[in-house]
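K.L.:
I'd like to ask you about the structure that follows.
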Amino acid sequence: MSVEDTLREARIRELPLSPPTCVALGTRVGEVLELMKRERAHCVLVCEGERLRGIFTERDVVTKILGLPVDWEAPIESFMTPSPVTLHPEDRVWEAMRRMEEGGYRHIPLVVEGDRVAGVVSVRDIIDFLAEHFPTEVFNLPPRSDQVFAAPEGA
């Protein structure tokens, strides 16, 4: 099966997803940043109970916090992206890739029945999936997409 066919057939739930890092509404931004650092989390899902209410990412740190006067006691709602684009674990991998490309996202929350958090899919998850299923194609790519070699390099 080709890479394209696999991406059209595979479901997001088949990816090697890590458990999401979640915080409750009202959590202090300083506490969220410490959690992200400690957990090495690239994003945090902001929830009300089990329901997704927003996402806070590394990009939010760069654009909304760095170099600005910030009240570290302020609630995360002041900095998160509310009502983010979401997917369902049963959606196809190509749909995640399409939405990431269109929106410029690196992380998309996964939800089931009524915005209940089921996980988060990242660009890294998709790359890991591709590398695992297509090692020859992935590891033999040239450094630039426009580069084509006449013969294999090496011995």
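K.L.:
Check 116, 144 and return the single one that is at pLDDT below 95, touching an Asp or Glu at 6+ places or on another chain (Cβ under 7 Å) and either closer than 18 Å to residue 20 by Cβ or of a type in the set (Lys, Arg) (or both). If you could, list the steps in order and put the result at the bottom.
P.N.:
Working: 144 fails: touching an Asp or Glu at 6+ places or on another chain (Cβ under 7 Å).
Answer to the check: 116.
K.L.:
Just to be sure, is residue 48 under 23 Å from residue 129 (Cβ atoms), acidic (Asp, Glu), out of contact with any Ser or Thr (no Cβ under 7 Å at 6 or more places or on another chain) and touching a residue at least 24 places away in the same chain (Cβ under 8 Å)?
P.N.:
Numbers: under 23 Å from residue 129 (Cβ atoms): no; acidic (Asp, Glu): yes; out of contact with any Ser or Thr (no Cβ under 7 Å at 6 or more places or on another chain): yes; touching a residue at least 24 places away in the same chain (Cβ under 8 Å): yes.
Against the criterion (under 23 Å from residue 129 (Cβ atoms), acidic (Asp, Glu), out of contact with any Ser or Thr (no Cβ under 7 Å at 6 or more places or on another chain) and touching a residue at least 24 places away in the same chain (Cβ under 8 Å)), residue 48 does not qualify.
K.L.:
While we're on this one: Testing residue 96 on (1) of a type in the set (Gly, Ala, Ser); (2) in contact with a helix residue (DSSP H, G or I) (Cβ under 9 Å, 6 or more places away or on another chain); (3) closer than 16 Å to residue 55 by Cα, one condition comes back false. Which one is that?
P.N.:
The number of the failed condition is (3).
K.L.:
Would you mind stating whether residue 70 is of a type in the set (A, V, I, L, M, F, W, C) and more than 14 Å from the chain's Cα centre (by Cα)? Break it down stepwise before answering.
P.N.:
Values: of a type in the set (A, V, I, L, M, F, W, C): yes; more than 14 Å from the chain's Cα centre (by Cα): yes.
Against the criterion (of a type in the set (A, V, I, L, M, F, W, C) and more than 14 Å from the chain's Cα centre (by Cα)), residue 70 qualifies.
K.L.:
In this structure, does residue 89 turn out to be more than 20 Å from residue 129 (Cα to Cα) and surrounded by 16 or more Cβ atoms within 10 Å (Cβ to Cβ)? Explain how you work it out, then say what you get.
P.N.:
On the way: more than 20 Å from residue 129 (Cα to Cα): no; surrounded by 16 or more Cβ atoms within 10 Å (Cβ to Cβ): yes.
No; evaluated as a whole, the condition is false for this residue.
K.L.:
A further question on this structure: Output the number of residues of the range 45-62 satisfying the condition of being touching a strand residue (DSSP E or B) at 6+ places or on another chain (Cβ under 8 Å) and either part of a strand (DSSP E or B) or within 17 Å of residue 111 (Cα to Cα) (or both).
P.N.:
The first filter runs over the range 45-62 and keeps only residues touching a strand residue (DSSP E or B) at 6+ places or on another chain (Cβ under 8 Å), leaving 45-48, 50-58, 60.
Okay, now just the ones that are also either part of a strand (DSSP E or B) or within 17 Å of residue 111 (Cα to Cα) (or both), so 45-48, 50-57.
Residues flagged as touching a strand residue (DSSP E or B) at 6+ places or on another chain (Cβ under 8 Å) and either part of a strand (DSSP E or B) or within 17 Å of residue 111 (Cα to Cα) (or both) within the range 45-62 amount to 12.
K.L.:
Please go through the range 100-110 and pick out each residue that is surrounded by 14 or more Cβ atoms within 10 Å (Cβ to Cβ) and either in contact with a strand residue (DSSP E or B) (Cβ under 6 Å, 6 or more places away or on another chain) or outside any helix (DSSP H, G or I) (or both). Quick ask: steps written out before the conclusion?
P.N.:
Just the residues of the range 100-110 that are surrounded by 14 or more Cβ atoms within 10 Å (Cβ to Cβ), to begin with: 100, 105-110.
Listed by number, the residues that qualify are 105, 106, 107, 108, 109, 110.
K.L.:
Just need a number here: residues in the range 111-137 that are of a type in the set (A, V, I, L, M), crowded, with 19+ Cβ neighbours inside 10 Å and under 10 Å from the mean Cα position of the chain (by Cα).
P.N.:
3
Each row is one residue, and each column tells you yes or no for (1) modelled with pLDDT under 95; (2) among the hydroxyl-bearing types (Ser, Thr, Tyr); (3) closer than 21 Å to residue 21 by Cα.
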| position | (1), (2), (3) |
| --- | --- |
| 66 | yes, no, no |
| 69 | yes, no, no |
| 77 | no, no, yes |
| 83 | yes, yes, yes |
| 107 | no, no, yes |
| 135 | yes, no, no |
| 138 | yes, no, no |
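K.L.:
Let me ask something else. When you scan the range 63-80, how many residues do you find that are surrounded by 15 or more Cβ atoms within 10 Å (Cβ to Cβ) and assigned to a helix (DSSP H, G or I)?
P.N.:
Result for the range 63-80: 3.
K.L.:
Could you tell me how many of the residues in the range 17-35 are under 20 Å from the mean Cα position of the chain (by Cα) and free of Cβ contacts under 8 Å to residues at least 24 places away in the same chain?
P.N.:
Qualifying residue count for the region: 2.
The values are calculated or read from the model by the stated rules, or taken from the named source; none is laboratory data. Everything quoted here is computed from the prediction, not taken from an experiment. Glycine gets a Cβ as well: all are built from the backbone with ideal geometry, and neighbour counts include every protein chain shown.
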